[in-house]
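Structure record follows, encoded as structure tokens.
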Amino acid sequence: MLKQNQIKTMFQLQAGMNHRVDANWIESRYPYLRAVVIEAAEAIEHHGWKWWKKQDKDTAQLQMELIDIWHFLLSEILLRNGGDEAKSECYLEAQHTKQANANSLQFDGQTYQLSSMTLLEKLEALIGTAAAGRIELFLFSAIVEDSGLNWHELYRQYVSKNVLNFFRQDHGYQEGSYIKIWNGREDNEVLVEVMNSLDADSDSFKDQLYAALSENYPNN
């Protein structure tokens, strides 16, 4: 369960990133749930789903896709509340309380029991509900748990990915000049390594993380 100050921090960070990408992001009404669909499909790829070949689950990258999904869910909640962070916080807190013990999903005329669904099936359900314009936080929460995360760890990784997103913007991501492959590895992979080497409880965690990314960026 997220703490109130964590919820507040994440909405502040997300609103800041959305404004950085487009100062008129509320009026633009970007399809954030469409992004959830795509990121969930990428999570399935990292999990492995092909029955005709051997695949190894990349848990770290699967978790990172969930952090990306969380960015877009927060953005959609903000959008539906007109960018009002306080209202968005109240909505998320209420949904957390309301859906805390939910275990069944009503979708497409059927009832799905989350306790009997695999992680892949839950990711597919997230894709379906997001495509239908629905925010199902209890479904996302179940996916987070099945992926070896908890809400505290999701918060830690969210803040880290938010820093990477700002780093990307500062280094030409929107203009197309950003370098995503760093010495043979995606920047997401480097982020995981750097994040694990730092103390997330430190007051300077965000600044230390940004500095470490700068040191590793291949354009230096």
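The values are calculated or read from the model by the stated rules, or taken from the named source; none is laboratory data. Treat the numbers as computed from the prediction; the structure is a model and nothing was measured. Quick reminder, even Gly has a Cβ in these numbers, built from the backbone with ideal geometry, and neighbours come from all protein chains shown.
Some observations on this one:
- Every residue from the stretch 2-45 that is surrounded by fewer than 18 Cβ atoms within 10 Å (Cβ to Cβ), touching a Ser or Thr at 6+ places or on another chain (Cβ under 9 Å) and within 25 Å of residue 128 (Cα to Cα): 30
- Being among the basic types (Lys, Arg), within 20 Å of the chain's Cα centre (by Cα) and modelled with pLDDT under 95 holds for only one residue in 57, 98, and it is 57.
- Residues (within 11 Å of residue 156 (Cβ to Cβ) and either in contact (Cβ under 8 Å) with a residue 60 or more places away in the chain or among the small types (Gly, Ala, Ser) (or both)) located in the stretch 196-220: 200
- Checking residue 139 against (1) of a type outside the set (Lys, Arg); (2) in a loop (DSSP other than H, G, I, E, B); (3) surrounded by 16 or more Cβ atoms within 10 Å (Cβ to Cβ), the condition it does not meet: (2)
- Residue list for the stretch 1-54, restricted to those being within 18 Å of the chain's Cα centre (by Cα), in contact (Cβ under 8 Å) with a residue 60 or more places away in the chain and over 18 Å from residue 155 (Cβ atoms): 18, 20, 21, 33, 34, 36, 37, 40, 41, 43, 44, 47
- Test: residue in the stretch 29-37 that is touching a helix residue (DSSP H, G or I) at 6+ places or on another chain (Cβ under 9 Å), farther than 25 Å from residue 118 by Cβ and part of a helix (DSSP H, G or I): yes
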